[in-house]
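**Q** Sharing a structure here in structure tokens format.
The values are calculated or read from the model by the stated rules, or taken from the named source; none is laboratory data. As the structure is a computational prediction, the values presented were derived from the model and not from experiment. Virtual Cβ from ideal backbone geometry, glycine too; neighbours counted across all protein chains shown. For accessibility, only protein heavy atoms count, side chains too; no ligands or nucleic acids. Shrake-Rupley method; radii C 1.70, N 1.55, O 1.52, S 1.80 Å.
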Amino acid sequence: MKTDQQHQPQKPIIPDLLMTPSDQGDGDLEIEYPEDRGNWTGKLDFLLSCIGYCVGLGNVWRFPYRAYTNGGGAFLVPYFIMLAICGIPIFFMELSLGQFSSLGPLAVWKISPLFKGVGMATILIVSLVAIYYNMIIAYVLFYLFASLTNNLPWQYCSNWWNTDRCLDHHVMRTGNGTVLFNISNTVSPSEEYWSRYVLHIQESSGIGDPGRIRWNLCLCLLLAWIIVYLCILKGVKSSGKVVYFTATFPYLILIMLLIRGVTLEGAWLGIKFYLTPQFDLLLSPKVWIEAALQIFYSLGVGFGGLLTFASYNTFHQNIYRDTFIVTVGNAVTSILAGFAIFSVLGYMSQELDVPVQEVAKAGPGLAFVVYPQAMTMLPLSPFWSFLFFFMLLTLGLDSQFAFLETIVTAVTDEFPYYLRPKKAFFSGIVCIVMFLLGLILTTEGGMYWLVLLDDYSAGFGLMVVVITTCLVVTRVYGMKRFCRDIQMMLGFKPGIYFRACWLFLSPVTMMALLVYSIVKYQPSEYNGTYRFPLWAEVLGILMGLFSCLMIPTGMVFAVLREEGTLWQRIQQASRPTMDWGPSLEENRTGMYVATLAGSQSPKPLMVHMRKYGGATSYENIAFQVDKEIEEDEDESMM
């Protein structure tokens with residue numbers, strides 16, 4: 001018995017810190033491992049979440065206005081060119097990073113710890129956006145509830161909040177259709193309802209005088225945060241189910257509004273105004289910059305939402321196909337929304353006997369003033385108003401889910417042992433803190449703060465984040481290595497189109513956008529009449545700069561953690577960490593098997609094959625990757 005024990009092979013002793021869960025079962029030591037992150041539970045969860053995230057309020061209230069002010073139908077030319085140069089490549093890069101590493105926007109910077117400040121900047125930006133974005137959802141809820149009535153409250157001028165300047169379209173015409181009033185110095189009932197009743201902004205003298213909290217808005221904001229929390233309570237397992245409704249139902253409503261719009265008398269006036277091409281404007285660089293900006297913000301690149309959603313995918317999910325479905329689908333949705341909006345505006349311009357450009361607005365002015373006014377001109381106006389605001393609610397909630405999931409995932413991935421088991425509790429804390437921070441937006445002067453946040457929170461800071469990410473992945477981490485990582489996941493390398501965009505076209509275009517936004521900087525204003533004071537402008541600029549300063553701050557901390565000379569520290573901090581790579585052991589083929597905890601073999605791929613039995617099609621690719629790495633090493637030695 002003793003002799004048999006002496007001849008048995010000795011198992012290698014593995015240091016405690018390197019033990020894997022499989023090693024744990026063989027030993028006596030009990031090591032605690034972080035709770036599993038989880039994955040999407042349905043096949044369409046990821047795709048619908050991305051569609052819901054990208055197709056948001058901007059598709060309805062920014063794209064149509066931007067199109068008609070920048071060449072009408074001709075705007076589609078630079079729009080689709082910029083989609084190909086900036087949108088699709090950056091979108092695919094973010095999805096690839098998230099899916100390959102199964103990590104959030106902070107922990108993903110194991111790819112190059114020197115630039116972890118980019119992740120911190122992302123979280124700061126998305127937190128600021130989430131605060132005011134939910135306030136917009138609160139406004140939508142307010143109008144949604146206000147639509148549950150026989151007569152819309154912004155239909156007539158006989159309410160206590162109306163002034164002598166109020167003039168509604170019902171009394172503007174005589175029997176023969178001639179206008180009896182001078183409408184140059186009048187306002188519509190919907191405009192006074194928005195500014196004097198919903199916002200109560202007449203009681204605030206400016207951003208420095210917020211006034212009292214509007215409790216009806218405060219309760220709507222609370223409800224918005226409760227809805228968001230309940231939907232992200234179980235992370236992607238719960239939000240992944242909600243998007244089956246919130247990502248698809250807006251299309252049904254949009255088609256209903258489109259059909260109703262194009263059948264209205266005068267609809268062709270709006271559509272003609274929307275699509276009439278002005279090809280001479282294509283010679284203006286402003287039009288191309290505007291197209292790139294629309295793509296940039298519409299797809300939501302740089303906010304961390306795409307990376308977060310992809311991190312919950314299985315390792316071999318076909319994100320290449322999903323990239324084209326989402327990006328092209330987002331563009332088509334924007335164009336359709338333009339038809340739905342401008343057909344109604346054409347009808348409205350004919351009813352009011354004014355040019356289309358006088359009723360066309362962008363942003364909150366379109367959603368809460370112009371379109372609600374147009375609804376009052378239709379039969380069954382409360383029904384169409386309810387549908388419109390319900391569509392805005394579902395469009396907004398999808399994006400808000402992504403913002404909150406990005407924040408929660410980023411922090412829980414940094415502290416997996418402590419926060420993953422308490423993710424629901426932590427999500428609740430985040431929602432409560434953001435609700436409290438957003439209370440200033442519910443005051444009588446809250447709209448001024450919302451405009452300031454909207455103008456500065458995700459401006460040049462977001463562009464710096466995207467440019468830095470693109471340069472780090474292609475220059476620091478290496479284009480060859482990144483393409484190999486994608487090959488491990490998808491079975492093929494990205495083609496020359498993606499490589500050319502990542503290496504040159506996308507970063508150059510983004511830099512042009514950044515320079516343009518700085519050179520053409522204009523101070524914020526509200527409603528064309530209120531100019532923000534200097535201290536508010538400085539606060540807004542600092543808001544954008546602070547996110548940018550996260551990047552050099554992160555570099556300093558990363559360098560201080562290393563040893564050696566300054567240059568050696570920088571080199572060490574810029575390399576991927578030892579545990580960078582696929583999160584699951586069975587997906588760590590090729591060069592990444594060597595970094596598994598407890599791996600002792602100089603031929604890691606063979607260890608992997610012995611353990612899991614044979615080579616799959618993806619593991620055959622790993623042979624190829626190993627061979628390429630050896631060839632690269634031989635070339636460098638020569």
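**Q** Would you please list the contacts, defined by Cβ atoms under 6 Å and residues six or more apart or on different chains, that run from a residue in region 356-375 that is modelled with pLDDT of 80 or more to a residue that is of a type in the set (A, V, I, L, M, F, W, C) and in a loop (DSSP other than H, G, I, E, B)?
**A** Within 6 Å, the pairs are P372/W154.
Per-residue answers, yes or no, for (1) of a type in the set (D, E, K, R); (2) in a helix (DSSP H, G or I); (3) open to solvent by 10 Å² or more (accessible area, probe 1.4 Å):
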| residue | (1), (2), (3) |
| --- | --- |
| M82 | no, yes, yes |
| S96 | no, yes, no |
| K110 | yes, yes, yes |
| L114 | no, yes, yes |
| V118 | no, yes, no |
| A121 | no, yes, no |
| I125 | no, yes, no |
| Y139 | no, yes, no |
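**Q** Let me ask something else about it. Given the criteria in contact with a Ser or Thr (Cβ under 8 Å, 6 or more places away or on another chain), within 25 Å of F303 (Cβ to Cβ) and surrounded by 24 or more Cβ atoms within 10 Å (Cβ to Cβ), does L392 qualify?
**A** No; evaluated as a whole, the condition is false for this residue.
**Q** In region 510-536, which residue that is part of a helix (DSSP H, G or I) and closer than 18 Å to S204 by Cβ is least open to solvent (accessible area, probe 1.4 Å)?
**A** A536
**Q** Working only within region 402-436, note down all residues that are free of Cβ contacts under 8 Å to residues at least 24 places away in the same chain and open to solvent by less than 20 Å² (accessible area, probe 1.4 Å).
**A** Within region 402-436, none qualify.
Condition check ((1) open to solvent by 80 Å² or more (accessible area, probe 1.4 Å); (2) modelled with pLDDT of 90 or more) across all residues:
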position: P189; (1), (2): no, yes
position: Y197; (1), (2): no, yes
position: G208; (1), (2): no, yes
position: R212; (1), (2): yes, yes
position: C231; (1), (2): no, yes
position: V242; (1), (2): no, yes
position: L283; (1), (2): yes, no
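**Q** Does region 413-427 contain at least one residue that is over 21 Å from the mean Cα position of the chain (by Cα) and under 25 Å from S147 (Cα atoms)?
**A** no
**Q** Where residues in region 256-291 are without any contact (Cβ under 8 Å) to a residue 12 or more places away in the chain and over 30 Å from V515 (Cα atoms), which of them is nearest to the chain's Cα centre (by Cα)?
**A** Checking each candidate, the answer is I259.
**Q** Tell me which of these K237 doesn't satisfy, since it passes every other one: (1) buried (at least 18 other Cβ atoms within 10 Å of the Cβ); (2) within 24 Å of the chain's Cα centre (by Cα); (3) among the charged types (D, E, K, R).
**A** Of the numbered conditions (1) buried (at least 18 other Cβ atoms within 10 Å of the Cβ); (2) within 24 Å of the chain's Cα centre (by Cα); (3) among the charged types (D, E, K, R), the odd one out for K237 is (1).
**Q** Let me ask another. Where residues in region 516-553 are of a type in the set (S, T, Y) and more than 13 Å from W449 (Cα to Cα), which of them is nearest to the chain's Cα centre (by Cα)?
**A** Across region 516-553, the extreme among qualifying residues is S547.
**Q** Would you check if I31 is more than 30 Å from M578 (Cβ to Cβ), at pLDDT below 95 and either open to solvent by 20 Å² or more (accessible area, probe 1.4 Å) or among the charged types (D, E, K, R) (or both)?
**A** no
**Q** Moving to a separate point now. Being surrounded by 21 or more Cβ atoms within 10 Å (Cβ to Cβ), more than 19 Å from A292 (Cα to Cα) and among the polar types (S, T, N, Q) narrows it down to one residue among T443, T469; which is it?
**A** Of the residues listed, the single one that is surrounded by 21 or more Cβ atoms within 10 Å (Cβ to Cβ), more than 19 Å from A292 (Cα to Cα) and among the polar types (S, T, N, Q) is T443.
**Q** To continue, here is another question. Go through region 250-281 and give me each residue that's open to solvent by 40 Å² or more (accessible area, probe 1.4 Å) and assigned to a loop (DSSP other than H, G, I, E, B).
**A** Within region 250-281, T263, E265, T276, P277, Q278 meet the criteria.
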